[in-house]
Amino acid sequence: MGNYKVLTIPPPYMPETYIKAIEICEKANMDVIILDGISNIWKELLDFHSKLSGNSFVNWGKVNPRLDAFINKVFESPCHIIATMRTKQAYVLNLKNGKYVPEKVGLKAIMRDGIDFEFDLVFDVDSTHQAKALKDRTRLFKDQQKFMISSIAGTKILKWASMEPLADKVSNSKHQSGLEILKVLDNGSVNGSVNGIRDVSKSFNGSDH
């Protein structure tokens, strides 16, 4: 592995802290930032929301702008960004014999609903580290069976990310900086899927390797 720096974010995992961490990486001229993982941000915001007094629906107006600021910072960064999220079992209520019964419908990212639509490339990574593309604007992995993510896949993504013109491959207008994002949904150990590179953080505690 080439040179890299590891930053460790201490709790609480506030979106503002992650924004500051991204800014530190940008000033250090990092080419790639790995955010492992951003589910901590959502958990922190849910806890913040639960402690607010007053109308619960209205209080989301104090939560969503903070998450939006983080997402916008990711999109506006000149760095390539890889983000991971943990998953949980998702359920729906189906009517059976006059009663609503919860049924499993697969896995769901621990993040705000609809977050998948913000990303260009989404991988679901199982407990054996086999990946399957759930969303793929790059069209590099659209019809590919499960595989182990390697430097070969990374090289393909980097080549795609460097192609011009950007408008031909990115539909989201927020991507004007040339940023493409890879999100890895990990069903178990997030650290295992990114070779132990830990949380990008507020304070520089790492060193060059």
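So what is the relative contact order for the stretch 1-134, in percent, with contacts set as C-alpha pairs under 8 Å and at least six apart?
The normalised contact order for the stretch 1-134 reaches 23 percent.
Where does the Debye-calculated log10 I(q)/I(0) of the stretch 37-120 sit at q = 0.11, 0.15, 0.18 Å⁻¹, using only Cα point scatterers of equal weight, no solvent?
Treating every Cα as an identical point scatterer, log10 I(q)/I(0) equals -0.43, -0.73, -0.93.
Would you tell me the accessible area of residue 32, worked out with a 1.4 angstrom probe on the heavy atoms of the protein chains, in Å² to the nearest 10?
For residue 32, the solvent-accessible surface is approximately 80 Å².
Dividing the Cα radius of gyration by the Kirkwood radius, what Rg/Rh value follows for the stretch 1-85?
Answer for the stretch 1-85: 1.03.
How high is the FRET efficiency from residue 50 to residue 8, r the C-beta distance, R0 30 Å, rounded to 0.05?
Here the calculated transfer efficiency is 0.70.
From the alpha carbon gyration tensor of the stretch 1-158, can you work out the equivalent ellipsoid semi-axes (sqrt of 5 times each eigenvalue) and give them in Å, largest to smallest?
29, 25, 13
Among DSSP beta bridges whose residues both lie in the stretch 29-104, state the antiparallel percentage, nearest 5.
55
Kindly sort 148, 30 by accessible area of their heavy atoms, largest first, with the probe set to 1.4 Å.
148, 30
Antiparallel DSSP bridges in the stretch 1-128: what percent, to the nearest 5?
Antiparallel bridges: around 65 percent, rounded to the nearest 5.
At 1.4 Å probe size, what's the solvent-accessible area of residue 159? Round to the nearest 10 Å².
Only protein atoms counted, so the area is about 150 Å².
Within the set 43/135; 27/108; 20/88; 132/156, which residue pairs have Cα atoms separated by over 26 Å?
Violating the 26 Å Cα-Cα cut-off are 27/108; 20/88.
The values are calculated or read from the model by the stated rules, or taken from the named source; none is laboratory data. Just so it is clear, the model here is predicted, and its values are computed rather than measured. For neighbour counting, all protein chains shown are included, and Cβ atoms are generated from backbone atoms with ideal geometry for every residue, glycine included. Just the protein is used for accessible areas: all its heavy atoms, side chains included, with ligands, DNA and RNA removed. Shrake-Rupley method; radii C 1.70, N 1.55, O 1.52, S 1.80 Å.
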